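First up is the structure itself, then whatever we jot down about it.
No value in this document is a laboratory result; all are computed from the given coordinates. This structure is a prediction, so every number in the text was calculated from the model and none was measured. Methodologically, a virtual Cβ is constructed for each residue, glycine included, from the backbone with ideal geometry; neighbour enumeration extends over all protein chains shown.
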Amino acid sequence: MNKIEIFSSDGRFKKFEKLIKKTAGRILKILNKSGVSVEIYLINGRRMRFLNKKFRGKDKATTILSFEEPRNFIYPPFTRKRGIKPASKFKRIGEIYLKFPITNYPINYLLIHGLLHLLGYSHQKKSDRIRMEARENWVIRELDN
C-alpha cells in the first residue's frame, strides 16, 4: 500500500484528483513499490513558472516538476508522550507539480515521468535518458493492459 496525496491550487482542478490518485497508485504498483508516500500538486501556469524559475532558473512554465525527497533528510523524533503523532509508516519519496490544464501531454505519461524521477531516474546523460525512456515505455504498456 502507498500513500498518495493530491492538492489542487484551484477548484477547477479538483475533478482530476481521483483519476490522478488512481493512476499514480497503479504506476507505483507496476513499479513494484509499496510503503511509499508522494504528494502531487495541481497548479496553474503562473505558479509553475514561478517554481521553474526559482528552482531551475528557467523563466517559463513547464508541464511537470519533480522534487525528490533528500536521502539524508533528518525528521524530528516524534513521541506519543508529547502528544505528537508518530512518524508515518510510509517512506516519503517526494513531490510532483503538474501544470493544469494539461493540453499537450497525456496525464499518464507525466505521472510516469515524475514518479520515475522521484525513484532516482534522470535524463541528463544519454545513457540515463535511454534507460529512463525504456522504463517509461514499459510502464505505459503495462498500464494499457
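Some observations on this one:
- Longest stretch of the chain clear of exposed loop sites (chymotrypsin sites (Phe, Trp or Tyr not before Pro), DSSP loop, at most 13 other Cβ atoms within 10 Å, sites excluded): 1-72.
- Between K29, K125, K15, the residue with the greatest mean-square fluctuation in the GNM of the chain (Cα pairs under 10 Å linked by springs) is K125.
- Scanning residues 5 or more positions from F7 or on other chains, those with amide H under 5 Å from its amide H are I40, Y41, L42, with H placed 1.01 Å from N in the peptide plane.
- Residue exposure proxy: V38, V139, ordered by other Cβ atoms within 10 angstrom of their Cβ from fewest to most, comes out as V139, V38.
- Phi-based couplings in Hz for segment 30-46 (Karplus 6.51, -1.76, 1.60; Gly and Pro marked x): 4, 7, 6, 9, 9, x, 10, 10, 9, 10, 10, 10, 9, 10, 8, x, 5
- To the nearest ten degrees, helix 107-118 and the longest principal axis of the Cα atoms of the chain are 50 degrees apart.
- Helix 126-144 and the longest principal axis of the Cα set of the chain meet at an angle near 80°.
- When the P(r) of the chain is calculated, the portion above 18 Å amounts to 61% of the C-alpha pairs.
- GNM result for the chain, Cα springs below 10 Å: residue of S127, S37, S66 fluctuating most strongly: S127
- Mean residue ellipticity, 222 nm, helices only, the chain: the sum of -39500 (n - 2.57) across DSSP H runs of n ≥ 4, divided by residue count and rounded to 500, is -12500 deg cm²/dmol.
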